[in-house]
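Nothing in this text is a laboratory measurement; each read-out follows from the coordinates by a stated rule. All of these numbers come straight from a predicted model, not from anything done at the bench.
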Amino acid sequence: MGGQYRITGDKYPRMRRPRGRRRLVFLVVASVTALGLVGWGTLQLIDVFTGKGDKATAAGTKGDCTSKAGPSAKASTTSTAAGTLPRPGQITVNVLNATPRSGLAKQTADELKKRGFRIGDVGNATATYDKKVTGAGILLGAKGAAQAALPVLGTQLSGAEVKTDGRAQADRVDLIIGTAFKSLAKKEDADKALATLSGPQPAASASPKSC
């Protein structure tokens, strides 16, 4: 180079960035990071106060709630089933013979009385059923007896058909003897069936809504 100033030698001065620019970059990065953390924290607080966090927790524990509800539901079902069934001594049975064989109504009534049932009318079936019942028998009662007196009486005669009519008295039912009737169930078998009917019932699967 010409002129008054010349650079001589094989070494040149190094060009360095001003320290102020480095500080500026650092401050910008730090500010962005801080703003990001503040924003994230704000979103978490919003979730907490709006209840989204509770929903997530509830979803996570849904299975536990269902499993805990099982024993309670079972106990409730058992107590309800047992509470709606009357004892044999609370049921009055009309024993009616729809077969050509004589004496069946009285014999059956006497046996039911020994097993604790109260006995009402004993005799021949009405024209509606006389000589028209081909099975072992028909258990007939009010609609309210369908889940009470009729199942209890049904433990004494296997294979009997269950029907309901318009009568109002639920604790007074009919046993109509059919042509296929041979005898009542053995007392020990009937007692076991009655104990099973009156005992704990299988509980339905609990619904998560019960929580």
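List of remarks:
- For Gly137, residues with placed amide H under 5 Å, excluding near neighbours: Glu161, Gly178
- Across Lys163/Lys186; Lys114/Lys182; Lys132/Lys187, pairs whose alpha-carbon gap is larger than 26 Å: Lys132/Lys187
- Residues with amide H under 5 Å from that of Gly120, placed H, sequence gap 5 or more: Val93, Asn94, Val95
- Residues with amide H under 5 Å from that of Ser158, placed H, sequence gap 5 or more: Ala185
- Computed from backbone phi with θ = phi - 60° and the Karplus coefficients 6.51, -1.76 and 1.60, the 3J(HN,Hα) list for the range 107-115 is 4, 5, 5, 4, 5, 5, 5, 4, 8 Hz; x is used for glycine and proline.
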